Structures are given as C-alpha cells and as structure tokens.
Amino acid sequence: MSAQFDRLSAGRLSQIDTWIFDLDNTLYEGDVAFFAQIDKKMTEFIARYLSLKPDNARMLQKEYLVEYGTSLSGLMAVNGMDPADFLDYVHDVDLSVLRPNPVLRERIAALPGRKLIYTNGSRGHAKNVATHLNLFDLFDGSFGIETGNYIPKPKRETYEIFNKDFGVDPARAMFFEDSVRNLAVPHDMGMATVLVTSMADWSHEPADVRPGGGLHVKGEPQPAHLDVITDDLAGWLARCV
Ligand SMILES: [Mg+2]
C-alpha cells in the first residue's frame, strides 16, 4: 500500500519545487530497535548528568520531549545543559540495523527541484545516517537542531529560521515527517504535508510524540493538517516524479 490517505491534487503537486524531509523514521522505515539505541543513550546521559536513577531519568526525558519538543531542549531550558556533549553521546549509535532502500534513492533523485533534510537531531547525525542510507549526496542542504539555535520542531520559530536560511516559498514546498505534530506549522505556512507512518509498534512512546502518531489503521479520522498519509514513502513518491 503506498497511500492510506491522499488529498493532494495533481495541480498542487506540479507546483512543488522544494522537498523537505525529516530524517529519523522518515528517510528510513520506522525502526524501533534503532530508535531504542538513541533513546537508551539519552536516558544514560540524563541519569549521569542529573544524578538520577535510570527510571526517573527516563521519565524526565519523556516529559521534556512532550513539553519542549525534544528532551535536549528541556535539558537546556530547565537545567542549563550545554548541548554539544549530549548530541555527540546520543548520536553515537550502530547504523548497521538501517538498510538502504535503492527505490527510495531513485525516487528522491528524480524529484524536480531542491531536496533538504530538516532534523531535530544534529547535522552530524543527519550526515551519518543519510550517508549510511546512500542518500546524502542527493540533498542540497541539511538543517539540524544547532542550525535552528536549538529551537526544535514543532516550534514555529525554527521553521521560520529554516525558511529564511534556504529561501523557501512555503506555497511551493512539501514537508515529509513521521511526527504528526511537526506538520502543523508547515501546513499553517502553506506547505503540503506528508505523514510517513510505519507498522512498527511505538505504543511505549508518549502518544502525541509517537512516530506516525499511531495512525497506521486505515479509516481512522485524520488530522486536518495532513494532506497525505503513507506507510510507503518510496511508493508514494512515484506520484511526484
Ligand atoms: Mg522523525
């Protein structure tokens, strides 16, 4: 199945010349095992940094994620943490569990216009992961949490910095994400929005930050800010090339 929901007209599609992709769980299929590595390293770092027991560190990590957009942002805002060590530590993970998708490479390469990566992780993480997936050379630029002054999606200010940095005209842009809430501002700005879901079970994550938002059951009511919902990004991109 390539699209569970699609209300984009061919006319709208033909106007798109800027293709913006989130990284994690978007450019590769939602992967619980891969995310678990980063998740665990965040808990370890927070436990050590704040001298907390692992369970309490994990609770705080998820509270900050929900409230501040990323756990890192909460640690910076509330605890005054320096982001550099945290980012280096949590992104030092084994990439071998992620498999390159040659069809996705072909489809992204064929998109007419600029392709950009926009992640709440670091730019170094974007480069490592996208290089491992054999996709990095297809992109014209990448934007990480440090590029947006550590203000994470879904906060409006970071999208404004992104648009300014890359000279993006929202009316001609399409935004691909696995996070429902990260697509609200792009939609509000006038971008077309594509939610990439997976069949992975994310029920252990807080509901409103779950990849795919748990929206992988056909027929569920769809948030109004989503134009497309697909569990097969490469398959759906065939519409755009
Ligand atoms: Mg993501």
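The values are calculated or read from the model by the stated rules, or taken from the named source; none is laboratory data. Values in this document were obtained by computation on a predicted structure and should not be read as measured data. Here Cβ is always computed from backbone atoms with ideal geometry, including for glycine, and neighbour counts include all displayed protein chains.
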| note | Per the filter on the range 40-50, residues assigned to a helix (DSSP H, G or I) and over 30 Å from residue 232 (Cβ atoms) are 43, 44, 45, 46, 47, 48, 49
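Can you tell me which of 107, 123 is more than 18 Å from the chain's Cα centre (by Cα) and within 17 Å of residue 20 (Cβ to Cβ)?
Numbers: 123 fails: more than 18 Å from the chain's Cα centre (by Cα).
One residue alone meets the criteria, 107.
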| task | Considering each residue of the range 4-39, count those that are in a loop (DSSP other than H, G, I, E, B) and either within 13 Å of the ligand (Cβ to nearest atom) or not hydrophobic (A, V, I, L, M, F, W, C) (or both), and give that number. | result | 15
| Pick from 147, 193: which is among the hydroxyl-bearing types (Ser, Thr, Tyr) and modelled with pLDDT of 95 or more? | 193
| How many of the residues making up the range 21-56 are touching a residue at least 24 places away in the same chain (Cβ under 8 Å) and among the polar types (S, T, N, Q)? | 3
| Mind checking whether some residue in the range 114-128 is farther than 25 Å from residue 86 by Cβ and out of contact with any Gly (no Cβ under 9 Å at 6 or more places or on another chain)? | no
| query | Could you say which residue among 14, 9, 71 is surrounded by 15 or more Cβ atoms within 10 Å (Cβ to Cβ) and free of Cβ contacts under 8 Å to residues at least 40 places away in the same chain? | reply | 71
| query | Here is a list of conditions, (1) polar (S, T, N, Q); (2) surrounded by fewer than 17 Cβ atoms within 10 Å (Cβ to Cβ); (3) at pLDDT below 95, and residue 131 meets all of them except one; can you say which number that is? | reply | (3)
| If we scan the range 27-42, do we find a residue that is out of contact with any Phe, Trp or Tyr (no Cβ under 9 Å at 6 or more places or on another chain), under 30 Å from residue 169 (Cα atoms) and of a type outside the set (S, T, N, Q)? | yes
| field | Odd one out for residue 123, checked against (1) in contact with a strand residue (DSSP E or B) (Cβ under 8 Å, 6 or more places away or on another chain); (2) in contact (Cβ under 8 Å) with a residue 40 or more places away in the chain; (3) closer than 25 Å to residue 205 by Cα | value | (2)
| remark: Sole miss for residue 136 among (1) without any contact (Cβ under 8 Å) to a residue 24 or more places away in the chain; (2) surrounded by 19 or more Cβ atoms within 10 Å (Cβ to Cβ); (3) among the aromatic types (Phe, Trp, Tyr); (4) in the same structural domain as residue 205 (by TED's automatic domain parsing) is condition (2)
| task | Taking the options 60, 65, 111, name whichever one is more than 16 Å from the ligand (Cβ to nearest atom), among the hydrophobic types (A, V, I, L, M, F, W, C), touching a residue at least 12 places away in the same chain (Cβ under 8 Å) and within 20 Å of residue 210 (Cβ to Cβ). | result | 60
| In the range 24-72, how many are on the phi > 0 side of the Ramachandran plot, outside the structural domain of residue 195 (by TED's automatic domain parsing) and modelled with pLDDT under 95? | 1
